[in-house]
1. Rounded if a/c is under 1.5, else prolate if a/b is larger than b/c, else oblate: which is the stretch B:184-227, with a ≥ b ≥ c the root eigenvalues of its Cα gyration tensor?
2. Could you do me a favour and compute the accessible area per residue for the protein assembly as shown, 1.4 Å probe, result in Å²?
3. How far apart, in nanometres, would the label points at A:Gln86 and A:Thr110 be if each is projected 7 angstrom from Cα along the Cα-to-Cβ direction?
4. In terms of solvent-accessible area of protein heavy atoms at a 1.4 angstrom probe, what is the ranking of A:Glu195, B:Glu143, highest value first?
5. Taking the alpha-carbon distance from B:Lys72 and a cut-off under 25 Å, which lysines remain once sequence neighbours fewer than 8 residues away in the same chain are dropped?
6. Compare each residue of the stretch B:150-176 in its chain alone against the assembly with all protein chains, and report those whose accessible area goes down by 30 Å² or more; 1.4 Å probe, heavy atoms.
7. Quick one: grab the alpha carbon gyration tensor of the stretch B:235-277, order the square roots of its eigenvalues as a ≥ b ≥ c, and give me rounded if a/c is under 1.5, else prolate or oblate depending on whether a/b is larger than b/c.
8. Calculate for chain A the 222 nm mean residue ellipticity that helices alone would give, adding -39,500 (n - 2.57) per DSSP H run of length 4 or more and normalising by residue count, nearest 500 deg cm²/dmol.
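The values are calculated or read from the model by the stated rules, or taken from the named source; none is laboratory data. Keep in mind that this is a model prediction, so the values were computed, not measured. We place every Cβ from the backbone using ideal geometry, glycine too, and count neighbours over all the protein chains shown. Heads up: the accessible areas ignore ligands, DNA and RNA and are worked out on the full protein's heavy atoms, side chains in. Shrake-Rupley method; radii C 1.70, N 1.55, O 1.52, S 1.80 Å.
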Amino acid sequence: MIGTTPKPFEEISHALKGYEKVAVIGCDGCAKVCMTGGSDQVSQMVEKLKENSKNVVFALSPERTCYVDKTKAALDPLMDKLKSAQAVLVLGCGGAVQITRQVLENYGLTIPVKVGLDSVGHIDTLIMGELAIEQCQECGECILNETGGICPVTKCAKSLLNGPCGGAQNGKCEVDSERDCAWILIYNRMIALGESDKLRRFMAPKDYSKMAKPRRLNIKERRVE
Amino acid sequence: MKLTELFDKGEFVITSEVGPVKGCLRSKDGGAVPQCAQEAEMVRGHVHAINVTDNQSAVMRLGSLAASVRLKERGFEPVYQMTCRDRNRIALQSDLLGACSLGIDNVLCLTGDYTSLGDHKSAKSVFDIDSVQLLKIAKGLNEGRDMMGNALTQSTNLALGAVVNPNFEPLDLQLLKMEKKIEAGAEFFQTQAVYDPAVFERMTKKTEKFGVPIQYGIVIVKSPQMGKFMNENVSGVNVPDWIIKEMGSVSKEDRKKKAVEITLKLIREIKPMVQGLHFMPLGWSDIVPIIMKAL
Ligand code: SF4
Ligand code: SF4
């Protein structure tokens, strides 16, 4: 999922300055799991906005705000109210905000869309409601087959491909003594699999053109273009 | 001169490190002699070459190449240190061509300390390539082509050094990387600071067969506080209690003398296992000649 954290309310307040009538759109996908933009957090935001003398014209949480069709389907029945809004606050990832803007533009509406969350990346949930960690940076050329299913591009602070730097201490990363050194994890895993010799192979520099932004996915043909 | 020529002749190769100043070196005549040059002067005649660090600990300062060139002008043999933290593959290759063009003969290829350890914590870390890849690329430049296989008008001619940390656990993983560095092009190694001859022996038993020269890395512990600080804050280094105790057993004025004594003891035990020494004196360059004379 896409990890998100709430922006400080002062920052949201500042972004909404001058707009009295506000619509709030959350997301019952990733933002719900992160407890930042699901229906519960949307209700809390509505209360706060009201306390700050905003007129909330409507509030809702589409199933996935980053899907154009789902957001449009949620907004279609609310067209009149939407037209009266002076601003839309989205409690979703940066993608959800931009899809919402896109949907509004498709309606022919020019309403400012503001973001209430900070997006912090592709994150995997380890303990529901407690902990999620970053494990993949979508490099476009997955090397997990070579590294025992542990990603050095993401889990090694320096994205090293040919083994550890010299800085690990007690199995922990030199950058953060709370975090395991990715290369020691990979090494131990490869030993357990009886494949540690595979780590002797030279890993060529990554082809970062595969990460050149912004990527477009041709879903029909299942390829990046 | 390339350090590899010295190793080939069987010389016991001595290097000492300096860190460039935080500031520029516009005029080499007139004005105060910059700290890094002063330190180099202290070891003149006692070492074969001077390592010049590359924004060490991710603290922004004069670039390693500029400082290396300035030292070369003063008659020193620099070992230009290059890390992968701040430059992508285009900049690194370009700087290797630049280094050779400016008269540099030796390059030490490192990963580099992470950005958050330094004084520009919000900087974007690059790490486009790693140290093994950098060595392979540098070897390619020596052979007349860039990493994409494009021909160079003139090849570089650089001796390629690398680092290894004998303290690393698991050691076999560190040595696996060392072997990859050798295959990629590393011709000599300098080690992380080691304070236990047994740790060194454990490594050299396994690295002897690699057939590459290794210089014993020496960080002089200047005070008991520094020993403790290193244990707590410098990853991959262990300063044993006996050194901290001995440094604490003398008055401040006698610390240099004590440090010489401790360093000599370690060097004498480790010397038979290595092909050279690499000092990282951190401001105490004046004791390097004392140690070298006593050896
Ligand atoms: S190598 Fe790492 S970053 Fe790349 S796709 Fe695989 S898991 Fe993701
Ligand atoms: S300690 Fe391990 S995880 Fe951390 S930067 Fe070094 S190799 Fe990567």
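1. Oblate.
2. Value returned for the protein assembly as shown: 48 Å² of accessible area per residue.
3. The two pseudo-label positions are separated by 1.7 nm.
4. Listed by decreasing accessible area, they come as B:Glu143, A:Glu195.
5. Partners found: B:Lys2, B:Lys9, B:Lys22, B:Lys28, B:Lys139, B:Lys293.
6. SASA drop of 30 Å² or more in the stretch B:150-176: B:Phe168, B:Pro170, B:Leu173, B:Leu176.
7. It is oblate, given that a/c is not under 1.5 and a/b is not larger than b/c.
8. Dividing the helical sum by the residues of chain A leaves -8000 deg cm²/dmol.
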